[in-house]
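All remarks here apply to the structure that follows.
The values are calculated or read from the model by the stated rules, or taken from the named source; none is laboratory data. Keep in mind that what you see is a predicted model, and the values were worked out from it rather than measured. A quick note on method: Cβ atoms are made from the backbone with ideal geometry, for glycine too, and the neighbour counts reach across all protein chains shown.
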Amino acid sequence: MLGSFHGGVHPHGNKGMASHKAIEPLPMPQRLYVPLHQHAGQPCDPCVTVGQKVLKGEEIGRSDAWVSTPIHAPTSGTVVGIEEYPAGHPSGLTMLTVVIDPDGEDRWSDSIAGIADPMNAEPAVIQERIRWAGIVGLGGAVYPSFIKMTPPKGKKVETLLINGAECEPYLTSDERVMVERAKETIAGIEIMMHTLPTSKCVIGIEDNKPEAIKAMTEAARSYNGIRVQPMPAMYPQGARQQLVEAITGKQVPSGARLVDIGLLVHNVTTAYSIYEAVVHGKPLITRVVTVSGRGIAKPANLETLLGTPIRNLIDHCGGMKPGVRKVILGGPMMGLAVDNLDVPVVKGIAGVLALLQNEIVDKPEQPCIRCGRCVQACPMSLVPSEMAWRAKVNQLDVMPELHLNDCIECGSCGFVCPSNIPLVQYFRYAKLAIQADRRAQKKLDMDKARTKAKAARVEQEKLEKERQKEAMKAAMAARKKAAAEAAPAEAAPAAPAAPATETVAAAVATDAAPVAEGAAALSDAESKAARAARAAQAARAARAAKAAKEQA
Amino acid sequence: MSQTNLLTTTSPHVHDGDSVANVMEAVIWALMPATAMAVMIFGWTALLVILITTLSCLVTEHLFLKLRKRPSAVADRSAALTGLLLALTLPPHSPWWMCVAGGVFAILVGKQVYGGLGYNMFNPALIARVFLLISFPAQMTAWPAVNPLFSEQAYSLGDSIAIIMTGQSSAPELADAVSTATPLGQYRTETGMGKTVQDAMGGKYTGYDEVRAASGLIGGSLGETSALLLAAGGIYLLRKKVITWHIPVTMFAGCLVPATIFWTFDPAHYPDPVFHLLTGGLVIGAFYMATDMVTSPITVKGQIIFGLGCGLLTYLIRTWSGYPEGVSFAVVLMNAVVPLIDQYTRPRAYGQVA
């Protein structure tokens, strides 16, 4: 029985503009700009050089980190640059990008080959293939899929959920993949079920896509464990927590992974990409992008090489009509507005939208009138209004109590807010500010530990010096004494001189002992503290370095 | 190369299109039938009271925002709504200075000193009514009888202006002759002197029956009277999803459930629940006052507690306090505990173990 989730909103679907347009390949662009960071996790390092010829499907970037996936050449051609290039990132910053001039031959690398009998292959082989192929969650999270396909030891995936909700308005790329590539997608799902392994799969599709439901049901007919579940159209049905709750009735505990409750969610196009990678050996170098919005002359669903500037897609669709106010990468609820049409299509971009004034929000923020609509709309059952005003006045210490970190930034609250408060923006700010605070605190702790360690070290050195001074003084005194004793006995034979020297040494030792002992006792306690401080400092430095690296 | 004419504001990029002004306007429209009825049954004086009060609110809002060097928010309709709501709680012959004092107080003390729209703790219209009730008890409880427009005994426009501006009509003996008590006032005064409800209601005030009370043909504040038209506007607001059912329904329940219980056990001393529903400000309070978004809880659970509290306090005040009518006090008192309610009724967040 299909359940539901709390809250949610009903934005106008606006899918009709592109939903009936069959997927068509976008003609080869003049130049491709392939960013080396198209996934969640570590960016790739380039593994080609400028001037090098590359073949289609060849790796051009890889990373040694676990949470990362390789980047491949989308076509054959020449690497003409490895440089910083604008990227579809909120900061507007550039990103290290491999620039490729296609040679027009579009020739595959020789190493491209499918796995002969995937349903009998070792899961590890398929997991490695998925990693190599650079497949990431294509619903937008772009988390490397092979990690999700490798359940941690002792955990079992009972049910695989396939997300075909596509609840973002305007977007139809998943829908077209399901309609036109249902068989391949189901085959991909079968491979995933074999790999995990699991015997149960539910494909959730919103009921505003009857064609997709029909095609997928048809294709899944001959498979026992796969069921297509139509769901009422409701945003954000396709967010993983909401999908899980709607289909299974369970909530994912805060902070837990899906696999902890025996579930796994993959986007439907990800399943298709896994099929392509495993059966045909093709890495993820293209994706279907919906080009739509009332500012687009002829909306379409384009099979696009990754790295194609969005300008090419828009031009192919007849260009922008006059009066376009926003160009969005992704959907209108969570997508990113850009003002630069040179940014390239990357793995996570399911749509390029050009919206006119009457399609967007462009009103000044007004005071909150506490109408509570955001509370009703929040699919995570949070209190967005309170989180926003507290963020506004920097009351960040109460945020854990309000579960700020559970906010999925779906934008439902902002969608219904009659005062046009950019609520999600406040939450992003608060999350980042808390992160920054934590980092500053860490640095402060580190500095403190360092200062303390230094003080201890200085103290110890001082004691050490004093001890040496004492020892030297004692030695000197002993020597003088010995010399004075030795002087009258000058006439004596040389033999007794030896015991005298021994005496001196013994005297020195006896004199020095208490001092040394004291120093040792002192330095023992001191050094214990210092050692602990140094160890803590080293650990913190390592963590900070790791965080900084992740941040970068 | 960036195109500067493209906006890069943050997601979500689409909106359901509703605005604060829309919300306020919907409430104003919902009040229109009852307002028209008020003018019909009380004549030109009612119209003057409404105009003067609303205008005072608008002017105060405009001037004060100017003083604070803020953009004028008169366009958001919230001050107009406050003015209208306040006017509807005033007696039909309220003198002009009382209307102005109320309007200025509502906006200045009720709203702007807190920081303007969205920051006020109390419903501005009700806090102003309470202020007037305490400051000018005589004027606030002077109830002329129903005197419909275009009827024979109706005041002319000139008479009406004279009543409002000078407190004197050209026919003072007429004004005196028709002054009366509200059903609630009647009941409290008479039962206070030891009479039963039946005796009390059968006394000087003979106009009370359910039909007259529901349609509005009884004495009282301008907007208190027509329970039917007020409810119609309330249902319009529910249908338009400007308000939800939680506060009105629980407020009715909070007042009428105890009323039913007491009436069942002792009908001689406690009037029936229909009497409580149709007289006084319960209907306008439940649909328009308690539902004021700024001053009511933000969560559903909170709204239910709030509504019950408003209803229960209304009944307590009506039955045992020194005032015959308790809606304003009840709502204002409950307004004060809204922050507390909000804090303790936060919904259980997704994925949190109960």
Checklist line | Residue tally, condition at the interface with another protein chain (Cβ under 7 Å from one of its Cβ atoms) and under 18 Å from the mean Cα position of the chain (by Cα), over the stretch A:407-419 | finding: 0
Margin query: Being more than 13 Å from every other protein chain (Cβ to nearest Cβ), free of Cβ contacts under 8 Å to residues at least 60 places away in the same chain and either not aromatic (Phe, Trp, Tyr) or not in a helix (DSSP H, G or I) (or both): is that true of B:Ala330 here?
Written below: yes
Notebook entry, point to check: If we keep just the residues of the stretch B:264-310 that are aromatic (Phe, Trp, Tyr) and more than 13 Å from the chain's Cα centre (by Cα), which is surrounded by the most Cβ atoms within 10 Å (Cβ to Cβ)?
Noted result: B:Phe306
Check: Residue check: is A:Ser254 of a type in the set (Gly, Ala, Ser), assigned to a loop (DSSP other than H, G, I, E, B) and in contact with a helix residue (DSSP H, G or I) (Cβ under 6 Å, 6 or more places away or on another chain)?
Finding: yes
Margin query: I need the full set of residues from the stretch B:155-169 which are crowded, with 16+ Cβ neighbours inside 10 Å and hydrophobic (A, V, I, L, M, F, W, C), in order please.
Written below: B:Ile161, B:Ala162, B:Ile163, B:Ile164
Checklist line | Cβ pairs under 6 Å, 6+ apart, first in the stretch B:152-177 and within 15 Å of B:Val49 (Cα to Cα), second at pLDDT below 60 | finding: B:Asp159/B:Ser169; B:Asp159/B:Ser170; B:Ala162/B:Ser169; B:Ile163/B:Ser169
Next item on the list: May I ask you to list pairs of residues, at least six apart or on different chains, whose Cβ atoms are under 6 Å apart, with the first in the stretch A:333-349 being within 10 Å of another protein chain (Cβ to nearest Cβ) and free of Cβ contacts under 8 Å to residues at least 40 places away in the same chain and the second being crowded, with 24+ Cβ neighbours inside 10 Å and of a type in the set (Lys, Arg)?
Entry: A:Ala337/A:Lys326
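Every residue, every condition in (1) touching a strand residue (DSSP E or B) at 6+ places or on another chain (Cβ under 7 Å); (2) away from every other protein chain (no Cβ under 14 Å); (3) modelled with pLDDT of 95 or more; (4) not in a helix (DSSP H, G or I), yes or no:
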position: A:Ile421; (1), (2), (3), (4): no, no, no, yes
position: A:Gln425; (1), (2), (3), (4): no, no, no, no
position: A:Ala433; (1), (2), (3), (4): no, yes, no, no
position: A:Arg439; (1), (2), (3), (4): no, yes, no, no
position: A:Lys442; (1), (2), (3), (4): no, yes, no, no
position: A:Gln460; (1), (2), (3), (4): no, yes, no, no
position: A:Glu470; (1), (2), (3), (4): no, yes, no, no
position: A:Ala475; (1), (2), (3), (4): no, yes, no, no
position: A:Ala478; (1), (2), (3), (4): no, yes, no, no
Checklist line | Positions within the stretch B:333-354 being away from chain A (no Cβ under 14 Å) and not in a helix (DSSP H, G or I), in sequence order | finding: B:Val337
Next item on the list: From B:Gly116, B:Gly43, B:Gly110, grab the single residue that is on the phi > 0 side of the Ramachandran plot and touching a Phe, Trp or Tyr at 6+ places or on another chain (Cβ under 8 Å).
Entry: B:Gly43
Check: Quick one: what pairs do we get from the stretch A:111-129, first residue polar (S, T, N, Q), second surrounded by fewer than 15 Cβ atoms within 10 Å (Cβ to Cβ), C-beta under 7 Å, 6+ apart or different chains?
Finding: none
Next item on the list: May I ask you to list the residues in the stretch A:362-389 that are farther than 25 Å from A:Gln242 by Cβ and without any contact (Cβ under 8 Å) to a residue 24 or more places away in the chain?
Entry: A:Arg370, A:Trp389
Next item on the list: Select, from A:Arg257, A:Arg221, the only residue that is among the charged types (D, E, K, R) and within 18 Å of A:Arg181 (Cα to Cα).
Entry: A:Arg221
Next item on the list: Could you grab me the full set of residues in the stretch B:60-84 that are touching a Gly at 6+ places or on another chain (Cβ under 8 Å) and among the hydrophobic types (A, V, I, L, M, F, W, C)?
Entry: B:Leu65, B:Ala73
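Answer with yes or no whether A:Gly3 is surrounded by fewer than 18 Cβ atoms within 10 Å (Cβ to Cβ), free of Cβ contacts under 8 Å to residues at least 40 places away in the same chain and either more than 25 Å from A:Ala87 (Cα to Cα) or over 29 Å from the mean Cα position of the chain (by Cα) (or both).
Taking the combined requirement at face value, the residue does not satisfy it.
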Note to self: I need the full set of residues from the stretch A:27-47 which are under 24 Å from the mean Cα position of the chain (by Cα) and not in a strand (DSSP E or B), in order please.
What the structure shows: A:Leu36, A:His37, A:Gln38, A:His39, A:Ala40, A:Gly41, A:Gln42, A:Pro43, A:Cys44, A:Cys47
Next item on the list: Determine if the stretch A:379-394 includes at least one residue that is buried (at least 21 other Cβ atoms within 10 Å of the Cβ), closer than 19 Å to A:Pro332 by Cβ and at the interface with chain B (Cβ under 8 Å from one of its Cβ atoms).
Entry: yes
Notebook entry, point to check: So which of A:Pro25, A:Pro29, A:Pro74 is under 23 Å from A:Asn312 (Cα atoms), at pLDDT 90 or above and touching a Lys or Arg at 6+ places or on another chain (Cβ under 8 Å)?
Noted result: A:Pro74
Item checked: Members of the stretch B:7-30 found to be under 18 Å from B:Val74 (Cβ atoms), within 7 Å of chain A (Cβ to nearest Cβ) and of a type in the set (A, V, I, L, M, F, W, C), listed by number -> B:Val20, B:Val23
Check: If you check B:His276, B:His269, which single one turns out to be more than 14 Å from chain A (Cβ to nearest Cβ) and outside any helix (DSSP H, G or I)?
Finding: B:His269
Next item on the list: Tell me which of these A:Asp315 doesn't satisfy, since it passes every other one: (1) acidic (Asp, Glu); (2) surrounded by fewer than 21 Cβ atoms within 10 Å (Cβ to Cβ); (3) facing another protein chain (nearest Cβ under 8 Å).
Entry: (3)
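Table: residues versus (1) farther than 30 Å from B:Met293 by Cβ; (2) modelled with pLDDT under 80; (3) over 17 Å from the mean Cα position of the chain (by Cα).
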| residue | (1), (2), (3) |
| --- | --- |
| B:Thr82 | no, no, no |
| B:Leu88 | no, no, no |
| B:Gly102 | no, no, no |
| B:Ala162 | yes, yes, yes |
| B:Gln168 | yes, yes, yes |
| B:Glu173 | yes, yes, yes |
| B:Val178 | yes, yes, yes |
| B:Thr182 | no, yes, no |
| B:Gln186 | yes, yes, yes |
Item checked: Among the residues listed as B:Gly307, B:Gly311, B:Gly322, the single one being of a type in the set (Gly, Ala, Ser), away from chain A (no Cβ under 14 Å) and in contact (Cβ under 8 Å) with a residue 24 or more places away in the chain -> B:Gly311
Checklist line | Total residues in the stretch A:397-406, condition free of Cβ contacts under 8 Å to residues at least 12 places away in the same chain and either within 9 Å of chain B (Cβ to nearest Cβ) or surrounded by 20 or more Cβ atoms within 10 Å (Cβ to Cβ) (or both) | finding: 1
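Taking helices (runs of 4 or more DSSP H) that do not extend beyond the stretch B:12-110, which have at least 1 residues that are of a type in the set (Asp, Glu) and in contact (Cβ under 8 Å) with a residue 24 or more places away in the chain? Step through it out loud before you land on a result.
On the way: elements: B:20-42, B:44-67, B:78-88, B:96-108.
Result: B:20-42, B:44-67.
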